[in-house]
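First comes the structure, then the notes that go with it.
The values are calculated or read from the model by the stated rules, or taken from the named source; none is laboratory data. Just so you know, these numbers come straight off a predicted model, no measurement behind them. We place every Cβ from the backbone using ideal geometry, glycine too, and count neighbours over all the protein chains shown.
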Amino acid sequence: MITCYVVDDERHALEVLSRYIQNTPGLQLLGAEENPLLALDAIISGQLTADITFLDVDMPQLSGVDLAGLINSRTTVVFTTAYPDYAYQAFEKNAVDFLLKPISYERFLKAVSKVKENQQPKQAIPAAEQSNGYFFIKTDVKGKFVRVNFEEISYVEAMQNYVRIQTATEKLTTYLSMKEVEEHLPATDFVRVHKSFIVHLPKVKTVEGNQIMLSNGCVVPMGSSYRATLMDLINARLLKSKRVN
């Protein structure tokens, strides 16, 4: 049984593909979602795991192309759109097929066959490598998601069951663990310096004793068991004289 998920902000298109899936032996419809941000949350959280995700390209809040870049290591993407000009962008995101609306049942079946032919165990891509320099987090406002760009993060702080992400302009609190955030940050630029702190190396201004001062003036503690990892990253960028005294 091949499991399917449909994401499209157009209700009619959503209903057409849902009906095709339900009427095709060997396919199972796991869900149909009009809001791309809710779809992202369902897939990233593991709440919904589909073999194929039929994804509309042109959607508000989060485009199908951007969404595909965040989920294509977890599901096989088949794009749908009324605009043929999007084809190049679609295949850049490793989409298996590109369906032009209105979608006929025959064309839908060809896309499913193509997925079956190309189906093989996916090698997991580290989350940080396929996140395109940002991720989205839930806020304490119901239904609100905030985009966080890696380059804007100064540090991440653990706060019991939550984490606080300090950016250049704001503090964002979300219900995640430090491990979950750390997995989505590139290890070359972000380093755990304390059980409760991750710092963005390009934002580090000084390191003295067990204290790290960041470019925004914030001071973060450094745990002794994390010192070696931080110093390895600093030494890799440390200018050293080759002159002989």
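So the values come out like this:
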item: Where a residue in the stretch 22-38 is closer than 19 Å to R147 by Cβ and its partner, wherever it lies, is among the polar types (S, T, N, Q), with Cβ under 7 Å and at least six apart; result: P36/Q61; L37/Q61
item: Residues satisfying the stated conditions in the stretch 205-224, i.e. more than 18 Å from R164 (Cβ to Cβ) and either outside the structural domain of E157 (by TED's automatic domain parsing) or among the β-branched types (V, I, T) (or both); result: T206, V207
item: Output for the stretch 205-220, where each listed residue is in contact (Cβ under 8 Å) with a residue 24 or more places away in the chain and surrounded by 14 or more Cβ atoms within 10 Å (Cβ to Cβ); result: V207, L214, C218, V220
item: Test: residue in the stretch 99-116 that is modelled with pLDDT under 90 and more than 21 Å from L55 (Cα to Cα); result: no
item: Selection status of K205, assigned to a strand (DSSP E or B), over 22 Å from I44 (Cβ atoms) and of a type in the set (D, E, K, R); result: yes
item: Some residue of the stretch 41-61 being out of contact with any Gly (no Cβ under 8 Å at 6 or more places or on another chain), surrounded by 17 or more Cβ atoms within 10 Å (Cβ to Cβ) and hydroxyl-bearing (S, T, Y); result: yes
item: Filter pass, A13 being crowded, with 17+ Cβ neighbours inside 10 Å and touching a residue at least 40 places away in the same chain (Cβ under 8 Å); result: yes
item: Where Y175 falls short, out of the listed (1) free of Cβ contacts under 8 Å to residues at least 40 places away in the same chain; (2) farther than 30 Å from V141 by Cα; (3) not acidic (D, E); result: (2)
item: Filtered residues of the stretch 35-46 (kept if out of contact with any strand residue (DSSP E or B) (no Cβ under 8 Å at 6 or more places or on another chain) and either assigned to a helix (DSSP H, G or I) or at pLDDT 90 or above (or both)); result: N35, L38, I44
item: Residue within the stretch 31-46 that is closer than 13 Å to T81 by Cα and out of contact with any Asp or Glu (no Cβ under 7 Å at 6 or more places or on another chain) present; result: no
item: Out of S73, S45, S18, S63, sole residue that is of a type in the set (G, A, S), out of contact with any Phe, Trp or Tyr (no Cβ under 6 Å at 6 or more places or on another chain) and over 26 Å from V148 (Cα atoms); result: S18
item: Flag if L238 is of a type outside the set (G, A, S), more than 30 Å from K142 (Cβ to Cβ) and assigned to a loop (DSSP other than H, G, I, E, B); result: yes
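For every residue, the table says whether it meets (1) buried (at least 16 other Cβ atoms within 10 Å of the Cβ); (2) under 17 Å from M213 (Cα atoms); (3) in the same structural domain as L62 (by TED's automatic domain parsing); (4) of a type in the set (A, V, I, L, M).
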| position | (1), (2), (3), (4) |
| --- | --- |
| G133 | no, no, no, no |
| R147 | no, no, no, no |
| E157 | yes, yes, no, no |
| Y162 | no, no, no, no |
| A168 | no, yes, no, yes |
